[in-house]
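The structure appears right after this line, and notes come after that.
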Amino acid sequence: MRPVKGRHLYFMRTLLHLLQRTAKSQIQGFVFCFDPKKTRSLLDLLNILSHSRSRADVQTNTSWNAPIIWDGMFDPDVFDQGHKQDQSTVALTVFAVGRYLDAYLGTFLNSSEQYFMVGLPVTFYVFTDVPEKVPNMKLAPQRSLKVIKVERHSRWQDISMMRMKTISDVIESDIRHHSTYVFCFDVDQVFTGRFGSEALGESVALLHAHFYNLPKHRFTYDRNPKSKAYMETGDFYYHAAVFGGTWQSVKAMADACYQSIMEDKQNNVEALWHDESHLNKYLWLHKPSRVLSPEYCWDRSIGYQKDIRPFTK
Ligand code: GAL
């Protein structure tokens, strides 16, 4: 089945804005339905309703009614238009510490400039121990890059866990004054196709490519009751290589994960998959409002999967 095309959704959006204006003055009881925040979630609902059957081969809704975004389910222009109208701005955080800078940062940044939130204002925040080695990038208008020096932990596990504190701090000191949304990425990845505004939402999590089609008992949650990340079961297995949301949500996520990580450290415990275990626990207790299919971070070593479209294109 074909997805509802952009014009319809755009029309509904315009209608909502009109209703918003008239409802405020005329229908007292409706006003709460049409404040800008609720309008956005109403748009999410429209997305679910209009697109949920467009990919019959995959799960397109969570049990709490958050959309799971797959290729072919959305019209990119509708989302881009909507976010341009809303003047959405995006911050991208990435950590390139030690050998990760030489090995990955250049490719990561070049590919993100080509594919990440094209057409929207984006600020890249690069955290590194050697700022002078960050490559000079030619960026499109309205896109900029900030380099922030961080301490180098000797274990990658600590670099990964401690980024939660750094992310929270930079949101507080900088991002919240400039950006509506924040996306946090691992540096060892390459964008090969659109990663656009359809991925923006209140809180956003990514289905891990290795687990999205496995039974829950195979998920690598932390099953040590001594860890704060402990969980027997959950909804999905999320990949910490990509997470995001509004700056408020990402800050709450990062703060909670950091707090649990530090409690574990005090108790001499380390969760199985470090910050990813804590993130999974958090997202089980605080359900994401938008879930990205594994197409958004596919691992080609898995091989052919018929439901992974960008892989088959
Ligand atoms: C691996 C991935 C790790 C971690 C793990 C979870 O495929 O490389 O970063 O996510 O899965 O089991």
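The values are calculated or read from the model by the stated rules, or taken from the named source; none is laboratory data. All values derive from a computational prediction rather than experimental measurement. Don't worry about glycine lacking a Cβ; one is built from the backbone with ideal geometry, like all the others, and counts go over all protein chains shown.
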Candidates D307, D299, D255 - the one that is under 14 Å from A209 (Cβ atoms) and more than 14 Å from the ligand (Cβ to nearest atom): D307
For the range 106-143: of the residues being in a strand (DSSP E or B) and of a type in the set (V, I, T), which is farthest from Y181 (Cα to Cα)? T128
Within the range 220-243, track down each residue that is farther than 14 Å from L207 by Cβ and either part of a loop (DSSP other than H, G, I, E, B) or within 13 Å of the ligand (Cβ to nearest atom) (or both). Y221, D222, R223, N224, P225, K226, S227, K228, A229, M231, E232, T233
Given the condition crowded, with 17+ Cβ neighbours inside 10 Å, touching a residue at least 60 places away in the same chain (Cβ under 8 Å), in contact with a Gly (Cβ under 7 Å, 6 or more places away or on another chain) and on the phi > 0 side of the Ramachandran plot, answer yes or no: does some residue in the range 247-262 qualify? no
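Let me confirm something: among E276, E270, which residue is acidic (D, E) and either part of a helix (DSSP H, G or I) or at pLDDT below 95 (or both)?
On the way: E270 fails: either part of a helix (DSSP H, G or I) or at pLDDT below 95 (or both).
Every option except E276 fails the conditions.
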Q157 fails exactly one of (1) surrounded by fewer than 19 Cβ atoms within 10 Å (Cβ to Cβ); (2) polar (S, T, N, Q); (3) within 19 Å of the chain's Cα centre (by Cα), namely (3)
Quick test of your reading of the structure: D264 fulfils all but one of (1) touching a helix residue (DSSP H, G or I) at 6+ places or on another chain (Cβ under 9 Å); (2) within 16 Å of the ligand (Cβ to nearest atom); (3) part of a helix (DSSP H, G or I). Name the failing condition by number. (2)
Name the single residue, out of those in the range 182-215 being in a loop (DSSP other than H, G, I, E, B) and away from the ligand (no atom under 16 Å from the Cβ), that is surrounded by the fewest Cβ atoms within 10 Å (Cβ to Cβ). T192
